[in-house]
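Notes for the one structure printed next.
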Amino acid sequence: MIKFLDLEKINNRFRDEIDSRLAGVLDRGWYLLGQENQIFTRNFAKYIGTRFCLGVANGLDALTLMIRAYDFNPGDEIIVPANTYIATILAISENGLRPVLVEPDISTLNIDPEKIEEKITPRTRAIMVVHLYGRAVQMDKIWELAKKYDLRVFEDCAQAHGAMYNGRRTGNLGDAAAFSFYPGKNLGALGDAGAITTNDENIYNKVKALANYGSDKKYHFLYRGKNSRLDEIHAAVLDVKLAYLDADNQRRRQIAQYYLDHIKNPKIVLPTMNGADEYSNVWHVFPVRTDDRDRLGAYLADNDIQTIIHYPIPPHKQPAYAEWNNCQYPITEKIHETIISLPVSPVMTHQDVQTVAEVVNAFN
Ligand SMILES: *Cc1c(COP(=O)(O)O)cnc(C)c1O
């Protein structure tokens with residue numbers, strides 16, 4: 001069986017290091033906002049290239065608190081890709097703001113920068129880019145629009161730890177960025193965890209307080225905050241794994257390149273590259289498209305190859321957003337009807353990768 005994601009195998013590579021760091025946490029008897037949190041967030045900020053990083057409880061909290069720190073007014077609008085994972089949109093709604101959906105570009109599967117301007121209104125406050133599937137959004141046009149209309153730029157980096165755009169890491173391409181360390185992400189904890197990165201000290205101080213009951217100093221509450229903290233055990237594990245993130249991403253790129261070079265099947269549309277910029281994609285997943293999606297999934301399962309659909313139903317068709325159910329986003333809908341992710345993982349063997357390509361090629 002070629003698993004889509006073999007987390008046991010992924011994490012057991014670091015068993016000894018993780019064991020000793022967790023033993024340290026137990027020995028100290030200090031579980032929240034301690035030295036592991038400090039070490040990891042400092043190392044992660046350094047890795048991303050930002051001045052600040054705040055650890056929080058999960059990716060949705062990272063997105064929600066990041067937006068909240070900007071004090072937008074109820075009904076203000078944030079532009080977001082229509083084909084993102086629901087969490088990006090929930091974080092906007094949760095703040096009493098209006099998510100404004102913009103269609104993706106069918107070739108990049110990321111927000112189509114050419115379709116943003118027509119959606120900008122006097123209420124627009126920010127553009128939220130999502131580096132979906134591990135692929136960095138081409139930021140030039142986004143920055144240009146942000147400047148022209150005085151908008152903030154937010155990044156949802158939950159799928160793109162380590163991806164680069166013109167030599168800079170995602171997470172350092174806008175005003176603030178949100179990361180998830182959900183176990184299956186490129187950098188994953190042993191449970192839920194997340195982070196916010198920014199170069200803005202005021203925003204850092206504000207999200208820090210918001211994530212700690214709104215407290216700026218002990219027993220003094222500046223805001224009506226919440227409790228969202230990165231546990232010491234997760235910080236310890238993440239700090240161990242951060243040292244291997246670039247190597248893991250490089251292995252993912254090798255696998256993706258092998259698929260791109262070897263999968264040749266007229267029924268299957270492969271993802272494209274950002275020109276020659278291989279570092280712009282960390283291949284969180286390898287999304288292919290086919291009109292025979294459900295049959296391809298069943299066929300691969302029969303051949304002991306696991307796949308996952310990211311995602312079967314777009315946000316605007318979800319019951320949670322009933323007000324959008326009759327809206328039309330034809331590119332988004334086409335993607336959701338045809339997309340399926342092949343396994344890409346740093347613990348796949350070359351034999352696994354070859355087998356996936358061969359079996360996909362034999363699909364008819
Ligand atoms: C995983 C994910 C999130 C949410 O992260 P959690 O840690 O699961 O809350 C947000 N946005 C995107 C694009 C994701 O893939």
(message) Yes or no: the stretch 94-114 includes at least one residue that is farther than 30 Å from GLN328 by Cβ, surrounded by fewer than 23 Cβ atoms within 10 Å (Cβ to Cβ) and within 16 Å of the ligand (Cβ to nearest atom).
(response) no
(request) Check the stretch 208-227 and report whether any residue there is acidic (Asp, Glu), within 16 Å of the ligand (Cβ to nearest atom) and not in a helix (DSSP H, G or I). (result) no
(request) State all residues of the stretch 228-258 that are in contact with a helix residue (DSSP H, G or I) (Cβ under 6 Å, 6 or more places away or on another chain) and either of a type in the set (Phe, Trp, Tyr) or part of a loop (DSSP other than H, G, I, E, B) (or both); if no residue qualifies, say none. (result) SER228, LEU230, TYR258
(request) Kindly indicate whether ILE340 is outside any helix (DSSP H, G or I), under 21 Å from GLY134 (Cβ atoms) and either in contact with a helix residue (DSSP H, G or I) (Cβ under 8 Å, 6 or more places away or on another chain) or β-branched (Val, Ile, Thr) (or both). (result) yes
(message) Please verify whether ASP6 is under 20 Å from the mean Cα position of the chain (by Cα) and modelled with pLDDT of 95 or more, treating the condition exactly as stated.
(response) yes
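Can we say ALA82 is among the small types (Gly, Ala, Ser) and either surrounded by 24 or more Cβ atoms within 10 Å (Cβ to Cβ) or within 16 Å of the ligand (Cβ to nearest atom) (or both)? Reasoning before the result, please.
Numbers: among the small types (Gly, Ala, Ser): yes; either surrounded by 24 or more Cβ atoms within 10 Å (Cβ to Cβ) or within 16 Å of the ligand (Cβ to nearest atom) (or both): yes.
Criteria met by ALA82.
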(request) Identify the residue in the stretch 172-196 that is under 16 Å from ALA126 (Cβ atoms) and more than 10 Å from the ligand (Cβ to nearest atom) and, among all such residues, is surrounded by the fewest Cβ atoms within 10 Å (Cβ to Cβ). (result) ASP175
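Any idea which residue in the stretch 121-143 is surrounded by the most Cβ atoms within 10 Å (Cβ to Cβ), counting only those that are basic (Lys, Arg) and within 14 Å of VAL100 (Cβ to Cβ)? First the steps, then the outcome.
Taking the stretch 121-143 and keeping what is basic (Lys, Arg), we get 123, 125, 135, 141.
Keeping just the survivors that are within 14 Å of VAL100 (Cβ to Cβ) gives 123, 125.
Details: ARG123: 14, ARG125: 20.
Among them, the one singled out is ARG125.
Quick check on the stretch 28-42. Is at least one of its residues under 30 Å from ASP304 (Cβ atoms) and at pLDDT 95 or above? Spell out the reasoning first.
Going residue by residue through the stretch 28-42, those that are under 30 Å from ASP304 (Cβ atoms) are none.
Among the residues of the stretch 28-42, not one is under 30 Å from ASP304 (Cβ atoms) and at pLDDT 95 or above, which makes the answer no.
Of all the residues that make up the stretch 279-301, how many are among the charged types (D, E, K, R) and buried (at least 16 other Cβ atoms within 10 Å of the Cβ)?
Selection size over the stretch 279-301: 2.
Suppose we filter ILE127, ILE120 for residues that are within 16 Å of the ligand (Cβ to nearest atom), of a type in the set (A, V, I, L, M), over 15 Å from PRO315 (Cβ atoms) and in contact with a helix residue (DSSP H, G or I) (Cβ under 9 Å, 6 or more places away or on another chain); which single one remains?
Numbers: ILE120 fails: within 16 Å of the ligand (Cβ to nearest atom).
Sole residue among the options that is within 16 Å of the ligand (Cβ to nearest atom), of a type in the set (A, V, I, L, M), over 15 Å from PRO315 (Cβ atoms) and in contact with a helix residue (DSSP H, G or I) (Cβ under 9 Å, 6 or more places away or on another chain): ILE127.
The values are calculated or read from the model by the stated rules, or taken from the named source; none is laboratory data. In this text the structure is predicted, and so the values were computed from the model without any measurement. Cβ: placed from backbone, ideal geometry, glycine included. Neighbour counts: every protein chain shown.
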